[in-house]
1. Quickly run through the range 102-156 and pick out the residues that are without any contact (Cβ under 8 Å) to a residue 60 or more places away in the chain and touching a Pro at 6+ places or on another chain (Cβ under 6 Å).
2. Does Asp206 satisfy being out of contact with any His (no Cβ under 9 Å at 6 or more places or on another chain), farther than 17 Å from Ala296 by Cα, free of Cβ contacts under 8 Å to residues at least 24 places away in the same chain and open to solvent by less than 60 Å² (accessible area, probe 1.4 Å)?
3. So Ser239 passes all but one of these: (1) small (Gly, Ala, Ser); (2) within 19 Å of the chain's Cα centre (by Cα); (3) crowded, with 16+ Cβ neighbours inside 10 Å. Which condition number does it fail?
4. In this structure, is Ala123 in contact with a Phe, Trp or Tyr (Cβ under 7 Å, 6 or more places away or on another chain), crowded, with 21+ Cβ neighbours inside 10 Å, at pLDDT 95 or above and of a type outside the set (Ser, Thr, Tyr)?
5. Within the range 1-32, take every residue that is modelled with pLDDT under 60 and hydroxyl-bearing (Ser, Thr, Tyr) and give me the one that is surrounded by the most Cβ atoms within 10 Å (Cβ to Cβ).
6. Which one of the conditions (1) out of contact with any Lys or Arg (no Cβ under 9 Å at 6 or more places or on another chain); (2) touching a residue at least 24 places away in the same chain (Cβ under 8 Å); (3) surrounded by fewer than 17 Cβ atoms within 10 Å (Cβ to Cβ); (4) not polar (S, T, N, Q) does Pro252 fail to meet, given that it meets all the rest?
7. When only residues in the range 79-100 that are open to solvent by 30 Å² or more (accessible area, probe 1.4 Å) and in a helix (DSSP H, G or I) count, which is farthest from Asp21 (Cα to Cα)?
8. Please indicate, with yes or no, whether at least one residue in the range 166-178 is in contact with a strand residue (DSSP E or B) (Cβ under 7 Å, 6 or more places away or on another chain), modelled with pLDDT of 95 or more and surrounded by 20 or more Cβ atoms within 10 Å (Cβ to Cβ).
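The values are calculated or read from the model by the stated rules, or taken from the named source; none is laboratory data. These numbers come from a predicted model, not from an experiment. Reconstructed Cβ throughout: ideal geometry from the backbone, glycine too, with neighbour counts over all protein chains shown. Just the protein is used for accessible areas: all its heavy atoms, side chains included, with ligands, DNA and RNA removed. Shrake-Rupley method; radii C 1.70, N 1.55, O 1.52, S 1.80 Å.
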Amino acid sequence: MAATRRDAAPWSMTAFPTSDDLGAARAFCRAIAARHYENFTVATRLVPARLRQHLVNVYAFARWSDDLADETPHDGGAALAAWRAGLEACFAGRPTHPVYVALADTVHQTGLAIEPFADLLSAFEEDKALDRAAVLVRYDSRTALLGYCSRSANPVGRIVLGLEGCRDHDMITQSDAICTGLQLVNFWQDVRRDSQAGRVYLPREDLDRHGVQAADLAALAATPALRALVREEVGWARSCFDAGEALIQRGPASLRPAIRLFVAGGRAVADAIEDAGYDTLRARPIVPRWKKIRLAWGAWWRVAMAAGGRRPA
């Protein structure tokens, strides 16, 4: 079963360009980002103007890839296979899709490698294959789930660091920790929604240790055992944020406000789950809009003050 849609796929909301020039491709990617993810739009305001279109192009690729996995349930993976061929053509300098036209320009300007993009596609392909096989509990262990996160989440941080030419091993490790934490906390926020879509990301070994059955996730409210399990998993996600938090101070200066925002946002989701008593079946815990705005302002202000009161370029 395909995952429950959060909102419409980009091809149903954003008209294809009437020309294949770079300007039209960039505008197409901006339209995808603006229509689909408010937090991403806010984050792009926290980086220098020279990076914003590149971030938009990367987001458009990731969003289109994700939706191909979720919105084409009966094609046996053909759509993703064609999209992977398009990625290879993009990096060979022969883009054929508006997203790839824009992304090819980003690759040309920044020197990004294909590997993290290919890793993202491999995660979407894995989701597709497990959906076709009707595998409910996706991973037996935390180690296996972390392997999935290393392809589904961590490449995004590596790509963003790559936009500024950052290849530092420690910074990449810290970025991986943050991205994994964001992926995990999103899983625990969406336990009910994912379960309804035929996907359980809670590791089997953790389910078994707490005596929780996959069938328990279909209830209208969490059992005490499930609450205890989610509490433990949220603690795991928070430990990931702790492991990566130094990147806020050590990362490229141009990216620090956005890094701070995403770490703070991930912690805010963890707090929302805690405030809900770790019951993510009764209702999906969310971060209120006013708090998102406050977090964004705080990210900008703290970095500006650390830079001697200068507004980030």
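1. Within the range 102-156, Ala104, Pro116, Asp119, Leu120, Leu145, Pro155 meet the criteria.
2. No: the conditions fail for Asp206.
3. Checking Ser239 against (1) small (Gly, Ala, Ser); (2) within 19 Å of the chain's Cα centre (by Cα); (3) crowded, with 16+ Cβ neighbours inside 10 Å, the one that fails is (3).
4. The answer is yes for Ala123.
5. Thr4
6. (3) is the only condition that Pro252 fails.
7. Ala81
8. no
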